[in-house]
Amino acid sequence: MSLNDLIFLLPELILLLAAAAIFILDLIGRRPDDPDTLMRPAKPWLSYVALGGLAAAALGLLPGVGQTRQVAAMLAADPFAIFFKALAILGVALVIAAALPYMRTRTPYVGEFYALLLVSAAAICLVVSAANLIMLYLAMEFLSITSYVLAGYFREDRKSGEAAIKYFLYGATASAVMLYGMSLLYGATGTTDLAGIAQALGQRGRADLLWLGGPAIILLLVGFGFKASLVPFHQWAPDTYEGAPTPVTAFLSTASKAAGFAILIRVFLSALPDLQPLWVALLALVSVLTMTLGNLTAIRQTNIKRMLAFSSIAQAGYILIGVAAVAAESGATAGPFDGINGVLIYLFAYLVTNVGAFAVVIAVENRSGKVEIKDYAGLIRRAPWLAVALFIFLLSLAGIPPTAGFVGKLFVFGAAVRAAMIPLAVIGALNVVVSAFYYLNVVRVMFFVPPEPDAEPVVVARPLQATVLLTGALTLLIGLLPGWLIQWADQSVRLLAWR
Amino acid sequence: MVPLTWYLVLAAALFAIGMFGVLARKNAVAVLMGVELMLNAVNINLLAFWRYTALGELVGHAFAVFVITVAAAEAAVGVALFIAVYRQRDTVNVEELDAMKG
Amino acid sequence: MEQLFFILLALLTLSAALMVVTTRNLLHAAFWLILVFFGIAGFFILLHAEFLAVVQVLIYIGAISTLIIFAIMLTRRIMDPQQPRFNSQWGLVGGLAALLFVVLAAVTTRVAWPTTSATLPAEPIKQLGADFVGVYAVPFEVASVLLVVAMIGAIIIARERG
Amino acid sequence: MEYISNFFVNLGNSWTSLLSSFLPPWAVILINFIIVALLLVLMPVIATMTLTIMERKIIARIQNRIGPNRVGPWGIFQAIPDAIKLLTKEDIVPVNADKPLFNLAPLLIFLGAALLWAVIPFGRGVIGQDLNVGVLYLVAVGSISTIAIVMAGWSSNNKFALIGAFRIVAQLLSYEIPMVLAMASVVALVGTMKMGEIVELQSIPFLLILPVAFITYILAAAAETGRAPFDLVEADSEIVAGYFIEYSGLKFGWFYIAEYGNLLAVSAIAATLFLGGWRGPFADQAPVLGPLYFGIKTILIVFLLMWIRGTWPRFRIDQMLALAWKVLVPLGLFNLLWVATMIKLPLPVWLQWAFILAGNVLALLVTLTLMGQAAKRYAARRGMVGTRA
């Protein structure tokens, strides 16, 4: 590792420094021998320090733009990583802005909350650029452990603690299983470098490769699937998404999930290209299971957080179509990266949309503490702007034009069609129809069911307004003018060590 | 000298036992203990592979050190969660954690 | 000689591991777990990884077991011997675990692992130390941040109210 | 000359070849193994027999008493009747005790005390096993005692025992960190973890280069052995006798032996790491002097610890934890960083060492000043006597 490499680590360094600064700034004025100062709420401006740190980290991405190289022996600096780092920073910034009024009334440790979110943003940056199994494992655990803490942040709340314990137990098990797969790969190749693994596996015989590759892929998929909440590694997701503090749910279901997809794509494409037929088949199967199960269960939900949790599982299924469609490489018509660019577009659109939807949920919950779908009755009268925003987000989640979700779905389904995976695309389309049913049910409740007589208008704090406005605008912008995102995604499919 | 496969079969057995503990036990702390068994199985794998296939570089060593470090951090957070939940519920039985259904 | 030692140690470790997952009394399970950790330290010595053996004792036995034992003691009602130790599907799970073992063992015996003829490095600890500030500098730093974050998080979650 | 300076190693070789002349190789290994193991096991017992009487005499002097004076000249054989008394006492196991663990704990704690001696060099070549991870091994073995203590506290089925165990585990874990930091600064200085090599490379006692590490180590050692002023675990007025309250007879004896075994062991480690171990004038020419020097240095440290015990009042638990986390850990961290930086400077070794010493002294002065100020603020807030307005 040389000092020159540090410039590629700027975003991570800035995020960690900002987190450390918040930890320390939060402590100033608190005295250990005086309980009153200990329980005093955090300084409100700390959130702006956090947002400033994120902005600085985004600027820190610039030196790495357009580069494709190995950094510090363990990390890949490539456009793919930059895309996901930008995604993570944007996602965490939106979540912090949305969390501003919500957290302050619910926990005394608000400063630490922002700091931990920054730390998890740094963790995602490391996850998506890991080019070595050791780095990958450490970064994923870094993200997981921070997430466990965030999920259990309301330690006096029954649901939050339960959410965190379930997340923790599933996560610890999944990472142990994934680790076993990594150890097999290390044993077979003598290296933990992703490119090195691909090279060593390429020299193996076919039968030998299957005996090793089959188990290794399944074991690795347990870990990645856990992060991306793919069926059948999704059991934690509904309870954790429902029980965790709502801003944390927004984070887990978007930025954290994107990290899972990023690492899945990177490892499978750059370390296991020789096993492609095997994992394409497996991912296609998982994709079908994920979207079908997610959608069918989402229909029955009455709690909006839980409904969005299952919807987010289903969305992971759609995204996975794009990864499976990578087989198009062999086809003559398509470019080599079709499918992956669809995944990137979809993830960006989904992140903006889902954070926006959760921001609306936060706004309603912050005022009333209610998270049932029936509590959204007559929202159009109590908070017209919120209702319109949620309407846009739900349209986008259902994939109806002119919203971001439509563009994302167009690209992943298109990739599947071009890869001649017609059944996959058909099942996806059927699922979209099913999902529209429960998304539009919320719209019906908001617009056409009269509000409870004692329902008050929803007052929304300014940072939260900004989040809703920004995400809503982005959702529409991507839906109407998707060119810039498509171009960016096309450029970002360049992976280090891609053959 | 002991053949490599002995170590690998041993690790597989330990991993399977740990997996059984994770899936069958009711108590959260017992589940955590199962996870620790699985992680130890992985460490045996890593060091056996280091010893028999890649002696030149200490990749397996370094990997195992990181696994142990992460295991410690994970256990600390996990135990904190168990204690917090026990304060609210008087139980850390996984099956009794059912505030949410659906 | 070495093979005999391996077999004895393996029997000890695996039976202790079985006790960990089947013992009714959780605290006894924790002490069986410590025995497993010792057994694994023994395997590390057999593999000429003395440093890892000592680290195993230091971290797993000194820190992680202590944490687990504290957790058991602080959540004491779970010690109640009347409670069933397994959930309802433990029979199915046992079958699955046995299947898992068979599959993994089959895999490990089928795959041709590349064997090396290299000799043990003279000073593995020195090389490891240099690696940690060289090749593994970034993971090493990440691990340190990870530990700090875990510590802060654990305090936030488990601290006494008020 | 060469033969003399490696006297003990050659002695061992001669012994092994003598055995080999009429025994198969595996029997030679077995016999040597048993001899070393016996010596290791004997060390804590020897420590108990000698140190108890020493401690009672010294504490008596400090408190202006005479101490034991009945058995033998000046009462030096007092330990023998004590041992007999202990052995003949009834062995009681509480009714609701967790019997397997209750019986295992004393053995385990004794094992922890005995294993420490495996890597301590008594003279050149006189060392059970010069592990290449020697220093780390010492720390790791210490964790066995922690487990044994928890086991004893839990299995007794007595709330005082359990509270005592919790307390001492908190104490042991807290003080392990400054202890490791102090040891690590020595390791950083010499670049090896082999105990034998650390002594060989110690041309001047490291006490003169790393006084802060030495002080940290001694305080941590006092805490690790659970001795006054860190004897909260045995605070008679609070929790009776701590984690081994329910033990009697021989099982109590194991704890007792382990306690004094640990005391001697931490002193021997301090002598090895900071006082040059077996080195001394003419130790190279006459290797027999080596163990003698080592013994004298060890006893000096033991005396220091007893002196501390005799003169300092007991800490409160919050004070004990605060000392570890707020004073010793930062100090140890600074020390380690300072040593690591200095040895990388392109300077002659003696100049590096001088810089390290200067940094140590400075750190010590700053710490003492800060602690003094904190004490004054504390006293002023509580309106205590002796505060200047």
Discussion item. What's the total number of residues in the stretch D:91-114 that are surrounded by fewer than 21 Cβ atoms within 10 Å (Cβ to Cβ), more than 10 Å from chain C (Cβ to nearest Cβ) and not β-branched (Val, Ile, Thr)?
Written reply: 9
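Being among the small types (Gly, Ala, Ser), in a loop (DSSP other than H, G, I, E, B) and within 7 Å of another protein chain (Cβ to nearest Cβ) narrows it down to one of B:ALA99, B:ALA80, so name that one. Write out each step before concluding.
On the way: B:ALA80 fails: in a loop (DSSP other than H, G, I, E, B).
Matching residue, one of B:ALA99, B:ALA80: B:ALA99.
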Discussion item. Please determine whether any residue of the stretch D:176-191 is polar (S, T, N, Q), at pLDDT 85 or above and in contact with a Lys or Arg (Cβ under 8 Å, 6 or more places away or on another chain).
Written reply: no
Worksheet item: In the stretch C:49-85, which residues are modelled with pLDDT under 85 and either in a loop (DSSP other than H, G, I, E, B) or touching a strand residue (DSSP E or B) at 6+ places or on another chain (Cβ under 7 Å) (or both)?
Response: C:THR75, C:ILE78, C:ASP80, C:PRO81, C:GLN82, C:GLN83, C:PRO84, C:ARG85
Discussion item. Which numbered condition in (1) of a type in the set (Phe, Trp, Tyr); (2) in a helix (DSSP H, G or I); (3) in contact (Cβ under 8 Å) with a residue 40 or more places away in the chain is the only one that D:TYR293 fails?
Written reply: (3)
Worksheet item: When A:ALA151 is evaluated against the numbered criteria (1) of a type outside the set (S, T, N, Q); (2) surrounded by fewer than 24 Cβ atoms within 10 Å (Cβ to Cβ); (3) touching a Leu at 6+ places or on another chain (Cβ under 9 Å), which criterion, by number, is the only one it fails?
Response: (2)
Item to complete: Mind counting the residues in the stretch C:107-141 that are at the interface with chain B (Cβ under 9 Å from one of its Cβ atoms) and either surrounded by fewer than 16 Cβ atoms within 10 Å (Cβ to Cβ) or over 30 Å from B:ALA24 (Cβ atoms) (or both)?
Response: 19
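For B:LEU4, state whether it is within 7 Å of chain C (Cβ to nearest Cβ), farther than 29 Å from C:LEU99 by Cα and more than 20 Å from the chain's Cα centre (by Cα).
On the way: within 7 Å of chain C (Cβ to nearest Cβ): yes; farther than 29 Å from C:LEU99 by Cα: no; more than 20 Å from the chain's Cα centre (by Cα): yes.
Considered against the rule, which asks whether it is within 7 Å of chain C (Cβ to nearest Cβ), farther than 29 Å from C:LEU99 by Cα and more than 20 Å from the chain's Cα centre (by Cα), B:LEU4 comes out as no.
State all residues of the stretch D:128-143 that are facing chain C (nearest Cβ under 7 Å) and part of a helix (DSSP H, G or I); if no residue qualifies, say none. Please lay out each step first, then the result.
Pass one, the stretch D:128-143, residues facing chain C (nearest Cβ under 7 Å): D:131-133, D:136-137, D:139-140, D:143.
Selection gives D:LEU136, D:TYR137, D:VAL139, D:ALA140, D:SER143.
Name every residue in the stretch A:234-267 that is aromatic (Phe, Trp, Tyr) and over 13 Å from the mean Cα position of the chain (by Cα), in order of residue number.
Across the stretch A:234-267, the qualifying residue is only A:TRP236.
Has the stretch D:154-162 got at least one residue that is surrounded by fewer than 22 Cβ atoms within 10 Å (Cβ to Cβ), closer than 17 Å to C:VAL54 by Cβ and either touching a Cys at 6+ places or on another chain (Cβ under 9 Å) or within 11 Å of chain C (Cβ to nearest Cβ) (or both)? Step through it out loud before you land on a result.
From the stretch D:154-162, those surrounded by fewer than 22 Cβ atoms within 10 Å (Cβ to Cβ) are D:157-160, D:162; that's our starting set.
If we keep only those that are closer than 17 Å to C:VAL54 by Cβ as well, we get none.
No, that holds for no residue.
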Worksheet item: What is the one condition in (1) more than 14 Å from chain C (Cβ to nearest Cβ); (2) in contact (Cβ under 8 Å) with a residue 40 or more places away in the chain; (3) surrounded by fewer than 21 Cβ atoms within 10 Å (Cβ to Cβ); (4) of a type in the set (Gly, Ala, Ser) that D:GLY226 does not satisfy?
Response: (3)
Worksheet item: Quick one: is D:GLY277 of a type outside the set (Asp, Glu), outside any helix (DSSP H, G or I) and in contact with a helix residue (DSSP H, G or I) (Cβ under 7 Å, 6 or more places away or on another chain)?
Response: yes
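State all residues of the stretch C:120-145 that are touching a Leu at 6+ places or on another chain (Cβ under 7 Å) and either of a type outside the set (S, T, N, Q) or farther than 24 Å from A:ILE134 by Cβ (or both); if no residue qualifies, say none.
Those that are touching a Leu at 6+ places or on another chain (Cβ under 7 Å) and either of a type outside the set (S, T, N, Q) or farther than 24 Å from A:ILE134 by Cβ (or both): C:LEU120, C:PRO124, C:LEU128, C:ASP131, C:VAL138, C:PRO139, C:VAL142, C:ALA143, C:VAL145.
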Worksheet item: Where residues in the stretch A:190-201 are crowded, with 24+ Cβ neighbours inside 10 Å and assigned to a helix (DSSP H, G or I), which of them is farthest from the other protein chains (Cβ to nearest Cβ)?
Response: A:LEU194
Worksheet item: Could you say whether any residue in the stretch D:317-332 is more than 20 Å from D:VAL187 (Cβ to Cβ), in a loop (DSSP other than H, G, I, E, B), at pLDDT below 90 and not hydroxyl-bearing (Ser, Thr, Tyr)?
Response: no
Worksheet item: Is it true that some residue in the stretch C:32-45 is in contact with a Gly (Cβ under 7 Å, 6 or more places away or on another chain) and assigned to a helix (DSSP H, G or I)?
Response: no
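Which residue, of B:VAL85, B:VAL42, is within 18 Å of C:PHE51 (Cβ to Cβ), crowded, with 24+ Cβ neighbours inside 10 Å, more than 8 Å from chain C (Cβ to nearest Cβ) and in contact (Cβ under 8 Å) with a residue 12 or more places away in the chain? Steps first, answer last, please.
Values: B:VAL85 fails: within 18 Å of C:PHE51 (Cβ to Cβ).
Going through B:VAL85, B:VAL42 in turn, just one is within 18 Å of C:PHE51 (Cβ to Cβ), crowded, with 24+ Cβ neighbours inside 10 Å, more than 8 Å from chain C (Cβ to nearest Cβ) and in contact (Cβ under 8 Å) with a residue 12 or more places away in the chain: B:VAL42.
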Worksheet entry | Extreme residue, nearest to B:PHE82 (Cα to Cα), among residues of the stretch C:31-78 that are among the small types (Gly, Ala, Ser) and at the interface with another protein chain (Cβ under 7 Å from one of its Cβ atoms) | C:ALA71
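Every residue, every condition in (1) more than 9 Å from chain C (Cβ to nearest Cβ); (2) among the aliphatic types (A, V, I, L, M), yes or no:
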position: A:GLY111; (1), (2): yes, no
position: A:LEU118; (1), (2): yes, yes
position: A:ALA122; (1), (2): no, yes
position: A:ALA139; (1), (2): no, yes
position: A:LEU150; (1), (2): no, yes
position: A:PHE154; (1), (2): yes, no
Discussion item. What's the number of the only condition in (1) at pLDDT below 90; (2) assigned to a helix (DSSP H, G or I); (3) farther than 19 Å from D:LEU40 by Cβ that D:GLU90 fails to meet?
Written reply: (2)
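Test C:ASN87 against the criterion of being surrounded by fewer than 22 Cβ atoms within 10 Å (Cβ to Cβ), within 11 Å of chain D (Cβ to nearest Cβ) and of a type in the set (S, T, N, Q), and give yes or no. Steps first, please.
Working: surrounded by fewer than 22 Cβ atoms within 10 Å (Cβ to Cβ): yes; within 11 Å of chain D (Cβ to nearest Cβ): no; of a type in the set (S, T, N, Q): yes.
Criteria not met by C:ASN87.
Return yes or no: is C:ILE152 at pLDDT below 90, facing another protein chain (nearest Cβ under 7 Å) and in a helix (DSSP H, G or I)? Outline the logic, then answer.
Working: at pLDDT below 90: no; facing another protein chain (nearest Cβ under 7 Å): yes; in a helix (DSSP H, G or I): yes.
No; evaluated as a whole, the condition is false for this residue.
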Item to complete: Considering (1) in a helix (DSSP H, G or I); (2) within 7 Å of chain C (Cβ to nearest Cβ), say which one B:LEU55 fails and leave the rest.
Response: (1)
Item to complete: Could you list all residues from the stretch A:158-177 that are more than 8 Å from chain B (Cβ to nearest Cβ) and surrounded by fewer than 24 Cβ atoms within 10 Å (Cβ to Cβ)?
Response: A:TYR170, A:ALA174
Worksheet item: Which of (1) surrounded by 24 or more Cβ atoms within 10 Å (Cβ to Cβ); (2) under 25 Å from A:ALA429 (Cβ atoms) does A:PHE226 not meet, given it meets every other one?
Response: (2)
Fill in: Residues within the stretch A:48-82 that are at positive phi and either part of a strand (DSSP E or B) or within 14 Å of chain C (Cβ to nearest Cβ) (or both), tallied
2
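The values are calculated or read from the model by the stated rules, or taken from the named source; none is laboratory data. Keep in mind it's a predicted model, so treat the numbers as computed, not measured. No Cβ is skipped: glycine too gets one built from the backbone with ideal geometry, and neighbour counts run over all protein chains shown.
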